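Colleague: Here's a structure for you.
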Amino acid sequence: MFSAASLFVASPARYSHRKYSHVADPATTHGLARTLRAAAKEIELHRYHYASRRAWPNGWINDKPAKVQIGGGAHRIDGFFNIDLVPPADLLWDIREGIPLQDGSTAEIFSEHFLEHIDYPRSAKHYVREAHRVLVPGGRIITGVPDAAFALNQYPGPLDATDETIDRWYSKRDCRGDINTRLDLVNLVFRDQDDDPTYTPHLWAYDHEKLVQLFTEAGFTTVEPWTFDPTMANPKRRWGSVYVVATR
């Protein structure tokens, strides 16, 4: 027996065409179309991960980069080795399956607006434990996420049509007309648009307290607020985000 994933690895173009042809079929229900889109995306990610895993069957690379960026997307930091699920990246790898580095091999890890996109608790806690494993003693991981406390600071309360969150994050999206109450805005911050393949949904919300608990549970000695550094972090992420630095 073979899986859909194995079929995609063998013939990605053929599988992708067949998958999306079902999504576009008028007879396909809305619920099934959403499920197929999500499955097609995961199969694509599996293909990238599978190719890298074949090159590094032990689950880690030989290099020992001093600085590592996780899930940077198009925002690349000079001097950092970038690991991501999708191109462009120095290494394509599904971080939900672990960090492909040797024990105690890196001094610094940086990620922003990544953690909220992986499932909690399984993948999120596994990722943080893996970060602890690969960092040298005294090494640090800097993490930035959308701040749940910030999103909730005016809830419950009326929604102002000129709300800065709407203007900064959603004014150019097609969901703008569906932000009708304060709770609609909170839901978007916590979930993002899982009905739109353009965006990757948020799977868990974090605030400073939750980040401290998460990293402390994994064995980090200190977890403190991180002073925003625009030479590393994306300036567009500064507003409405919370950053911490955890030291091994």
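The values are calculated or read from the model by the stated rules, or taken from the named source; none is laboratory data. Everything numeric in this text was worked out from a predicted model, so none of it was measured. Cβ coordinates were reconstructed from backbone atoms using ideal geometry, including for glycine residues, and neighbour counts include every protein chain displayed. We work out accessible area using only protein heavy atoms, side chains counted, and drop any ligands, DNA or RNA first. Shrake-Rupley method; radii C 1.70, N 1.55, O 1.52, S 1.80 Å.
Colleague: Give the range 172-197 a look and list any residue that's modelled with pLDDT under 90, open to solvent by 70 Å² or more (accessible area, probe 1.4 Å), closer than 20 Å to ARG34 by Cβ and over 14 Å from the mean Cα position of the chain (by Cα), or say none.
Modeller: Matches in the range 172-197: ASP174, ASP195, PRO197.
Colleague: Could you list, in sequence order, all residues of the range 155-171 that are open to solvent by 70 Å² or more (accessible area, probe 1.4 Å) and touching a Leu at 6+ places or on another chain (Cβ under 9 Å)? Lay out the reasoning, then the answer.
Modeller: First, pick out the residues of the range 155-171 that are open to solvent by 70 Å² or more (accessible area, probe 1.4 Å): 155-156, 158, 160-162, 164, 167-168.
Hits for the range 155-171 are TYR155, PRO156.
Colleague: Sticking with this structure for a sec: Looking only at the range 32-82, filter to residues that are among the hydroxyl-bearing types (Ser, Thr, Tyr) and touching a Leu at 6+ places or on another chain (Cβ under 7 Å); which one of those is nearest to GLY98 (Cα to Cα)?
Modeller: To start, the set of residues in the range 32-82 that are among the hydroxyl-bearing types (Ser, Thr, Tyr) comprises 35, 48, 50, 52.
Keeping just the survivors that are touching a Leu at 6+ places or on another chain (Cβ under 7 Å) gives 48, 52.
Working: TYR48: 15, SER52: 13 Å.
Going through the qualifying residues, I end up with SER52.
Colleague: Here's another thing I want to ask about it. Which numbered condition in (1) surrounded by fewer than 16 Cβ atoms within 10 Å (Cβ to Cβ); (2) out of contact with any Gly (no Cβ under 7 Å at 6 or more places or on another chain) is the only one that SER52 fails?
Modeller: Failed condition: (1).
Colleague: Same structure, new question: Can you give me the number of residues within the range 216-248 that are assigned to a helix (DSSP H, G or I) and over 17 Å from the mean Cα position of the chain (by Cα)?
Modeller: 3
Colleague: Count, please, the residues in the range 215-237 that happen to be surrounded by 14 or more Cβ atoms within 10 Å (Cβ to Cβ) and modelled with pLDDT under 95.
Modeller: Selection size over the range 215-237: 1.
Colleague: If you check every pair at least six apart or on different chains, which have Cβ atoms under 7 Å apart with a residue in the range 153-180 that is touching a residue at least 12 places away in the same chain (Cβ under 8 Å) first and a residue that is hydroxyl-bearing (Ser, Thr, Tyr) and part of a loop (DSSP other than H, G, I, E, B) second?
Modeller: Correct list of pairs: LEU159/THR181.
Colleague: List pairs: first residue in the range 189-201 and under 18 Å from ARG237 (Cβ atoms), second residue open to solvent by 90 Å² or more (accessible area, probe 1.4 Å) and modelled with pLDDT of 85 or more anywhere in the structure, Cβ distance under 7 angstrom, at least six positions apart or on different chains.
Modeller: From residues that are under 18 Å from ARG237 (Cβ atoms), the pairs are PRO201/ARG191.
Colleague: Need a quick list: strands (runs of 3 or more DSSP E) entirely within the range 58-117 having at least 1 residues that are open to solvent by 10 Å² or more (accessible area, probe 1.4 Å) and hydrophobic (A, V, I, L, M, F, W, C).
Modeller: 81-84, 106-112
Colleague: What residue, among those in the range 133-154 that are part of a helix (DSSP H, G or I), open to solvent by 30 Å² or more (accessible area, probe 1.4 Å) and out of contact with any helix residue (DSSP H, G or I) (no Cβ under 8 Å at 6 or more places or on another chain), is nearest to ILE95 (Cα to Cα)?
Modeller: Here the answer is ARG133.
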